[in-house]
There are 2 protein chains.
Amino acid sequence: MTTEAAWEPVRRVRMHEQVLAQIEEKILDGSLRAGEKLPSERELVSALGVSRTSVREALRALEAMGIIEARTGSGADAGSVVTARSTPALTNLLRLHLALARISLADLVETRVQLERNAARGAAATRTPEDVARLAELVEGMRAADQEYQQFNALDTEFHVSIARISGNALATDLMQALRGAVESEMAAAFARLPDWRAVAADLVAEHEAILRAIEAGDGDRAAELVAEHITRFYTDRVLNP
Amino acid sequence: MTTEAAWEPVRRVRMHEQVLAQIEEKILDGSLRAGEKLPSERELVSALGVSRTSVREALRALEAMGIIEARTGSGADAGSVVTARSTPALTNLLRLHLALARISLADLVETRVQLERNAARGAAATRTPEDVARLAELVEGMRAADQEYQQFNALDTEFHVSIARISGNALATDLMQALRGAVESEMAAAFARLPDWRAVAADLVAEHEAILRAIEAGDGDRAAELVAEHITRFYTDRVLNP
């Protein structure tokens, strides 16, 4: 379809970039899957015809991105494993992206609300009695979690992620989790500023309970409304204008 | 708040990971911003008290993540610059994540539709006459783009990203762009399979035109409906069941 070939500026592609590109390509085309072992450094050196330094730089980069994990136990033939959980990688990069692109917390909250609304609506349509029981268990856990904020927060996170999972969209679930993770330190700081976090937690438990009931009743519109209010209120009252 | 200190397994943190963590920390706390120059390898070696190899591995990792860019021109003191555009990094990682987490195209489309619905609704509420003129220009460009699919696709992308930008949410804009980028090769393949891509493009132009008119009229519900149909139809008819 190209009518004329355009000139392109010549760019020096460094050795480790070529190693990286080949590994990424294998992940993208499905020939290297989550949980699988990469060839060892030594094997990659000989298969790719590059220096050990280039191989190591590429592997370090993939590790830093959260795409591969160094296996416990080292040595020249230890090898690395392709990660089965790339959501933390997404969370980490999203945090850096938020900082670099100077994205406001308000934009993040709005995006989270969009995703959570849809998740709640979806969950209200597809929930099984087991799903509802699991959510109820998490709410009870939150009610009982009076020792530490971290304990409460872990259950709170699990509640929201479970709703997304029930709705059936794996990508939306991961994005919600990553967005939440990206502001976790702000959330913790907001809680730390509270004179009595347990009082606020009690309000949050009641809100979760109401969301759960709407999902149980199959009332998607109400579930979406409640979850949107729940998130917006927390950020507005506690984080943005504490 | 901690009642008792738990034991944590000791983990060997490698040198380059510590270098990486320090640079990431500076980005997250805002002391290292987009467009700014990092200290040179040599300066980092002396400031951090680690080997040049560790510094280089950390820098390569940040480059691979798309967080810093090597400056043109090399040499020991060339240094790197913190990127001002981290959306491509997000796109790249999202592509890998989709492959690793084995996320279906259907989930991706649904998530894109959610974000695009909100963007269209937002744009209908906030659009200025200049915004509308710019969108109209893009639609005219698509109508005239009969030489190459790439040319059409660039304008199509710009149309959708512009709507998100008009709606005012920077994060939603970046996520939409990243999600679109993550399936760009599938889109191109779908177009390449068409016996006559120009006929399909003509339908797409008409759909864009209708979306533009709804935004111009300030009819958010209709703009959201139209953009959702537009995306769903393309994926269903052309990509999923071609």
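Largest accessible area first, the residues A:ILE103, B:ILE215 order themselves as A:ILE103, B:ILE215 under a 1.4 Å probe with ligands, DNA and RNA left out.
If B:LEU115, A:LEU105 are ordered by their accessible area, calculated over protein heavy atoms with a 1.4 Å probe, which sequence runs from highest to lowest?
Details: B:LEU115 0, A:LEU105 40 Å².
Descending order: A:LEU105, B:LEU115.
The share of accessible area on the protein assembly as shown that comes from carbon and sulfur is 50 percent, using a 1.4 angstrom probe. With unit charges on the beta carbon (Lys/Arg positive, Asp/Glu negative), name the residue among B:ALA6, A:ALA58, B:GLY49 whose Cα is farthest towards the positive pole of the charge dipole of the protein assembly as shown. Highest projection toward the positive end goes to B:GLY49.
How big is D, in µm² s⁻¹, for segment A:87-242 by Stokes-Einstein at 37 °C and 0.692 mPa s if Rh is the Kirkwood radius over C-alpha pairs? Could the numbers behind the result be given before it?
Values: Rh = 15.7 Å.
D = 210 µm²/s.
The average projected area of the protein assembly as shown, computed from the convex hull of its Cα atoms over all directions, is 25.9 nm². Peptide A:46-58 shows a mean partner chain C-beta count of 2 within 10 Å per residue C-beta.
Measuring max minus min along each principal axis, the C-alpha atoms of segment B:32-168 give extents of 56, 37, 35 Å (largest first). With its label point defined 7 Å out from Cα along the Cα-to-Cβ axis, B:GLU148 lies at 5.8 nm from the matching points of the other copies, in increasing order. Per-residue SASA remark: B:ARG71, around 110 Å² accessible (1.4 Å probe; ligands, DNA and RNA not included).
Contact with the other protein chains removes 50 Å² or more of accessible area, compared with the isolated chain and a 1.4 Å probe, from these residues of segment A:77-107: A:SER86, A:LEU90, A:LEU93, A:LEU96, A:HIS97, A:LEU100, A:ASP107.
Taking every protein chain into account, the accessible area of segment B:88-240 amounts to 40 square angstrom per residue (probe 1.4 Å). Taking trypsin sites (Lys or Arg not before Pro) across segment A:171-242, none is in a DSSP loop with at most 12 further Cβ atoms lying within 10 angstrom of its Cβ. Between copies, the label points at B:PRO129 (set 7 angstrom from Cα along Cα-to-Cβ) are spaced 6.3 nm, reported in nanometres from shortest to longest. Solvent exposure of segment A:15-82 amounts to 49 Å² per residue of accessible area, where only protein heavy atoms count and the probe is 1.4 Å.
Determine, from the Cβ-Cβ distance of A:GLU148 and A:GLU209 and an R0 of 22 Å, the FRET efficiency 1/(1 + (r/R0)^6), rounded to the nearest 0.05.
Working: r = 21 Å, r/R0 = 0.96.
According to the calculation, E is roughly 0.55.
Subtracting the Cα-Cα distance from 0.36 nm times the residue separation, let me have the gained length for B:LEU194 to B:ALA84 in nm, one decimal. Mind showing how you got there, number by number?
Numbers: separation 110, 0.36 × 110 = 39.60 nm, distance 3.71 nm.
Stretched fully, the B:LEU194-B:ALA84 segment lengthens by 35.9 nm.
Top mean-square fluctuation among B:ALA201, B:ALA223, B:ALA101, Gaussian network model of chain B, C-alpha springs under 10 Å? Looking only at B:ALA201, B:ALA223, B:ALA101, the biggest GNM fluctuation is shown by B:ALA101.
Using the rule -39500 (n - 2.57) for each DSSP H run of four or more residues, divided by the residues of the protein assembly as shown, the 222 nm mean residue ellipticity is -22500 deg cm²/dmol. Interface size between chain B and chain A, please: total buried accessible area, 1.4 Å probe, rounded to the nearest 100 Å². Roughly 5300 Å² of accessible surface disappears when B and A pair.
As an exercise, find the ratio Rg/Rh for segment B:149-230 from alpha-carbon atoms, using the Kirkwood inverse-distance average for Rh. Please report the intermediate quantities before stating the final value.
Details: Rg = 13.3 Å, Rh = 13.6 Å.
Checking Rg against Rh, the ratio lands at 0.98.
Note on B:115-128: average number of Cβ atoms from other chains within 10 Å of each residue's Cβ is 1. Counting from the shortest, the label point at A:GLU69, 7 Å from Cα toward Cβ, is 3.4 nm from the same position in each remaining copy. How would segment A:103-165 be classified by its alpha-carbon gyration tensor: rounded, prolate or oblate, with rounded meaning a/c under 1.5 and the a/b versus b/c comparison settling the rest? Oblate, because a/c is 1.5 or more while a/b does not exceed b/c. For segment A:73-177, the relative contact order works out to 34 percent when only alpha carbon pairs closer than 8 Å and six or more residues apart are counted.
The values are calculated or read from the model by the stated rules, or taken from the named source; none is laboratory data. On a predicted model such as this, the values are computed, not experimentally measured, just so you know. Cβ coordinates were reconstructed from backbone atoms using ideal geometry, including for glycine residues, and neighbour counts include every protein chain displayed. Keep in mind that these areas ignore ligands, DNA and RNA; they rest on the heavy atoms of the full protein, side chains included. Shrake-Rupley method; radii C 1.70, N 1.55, O 1.52, S 1.80 Å.
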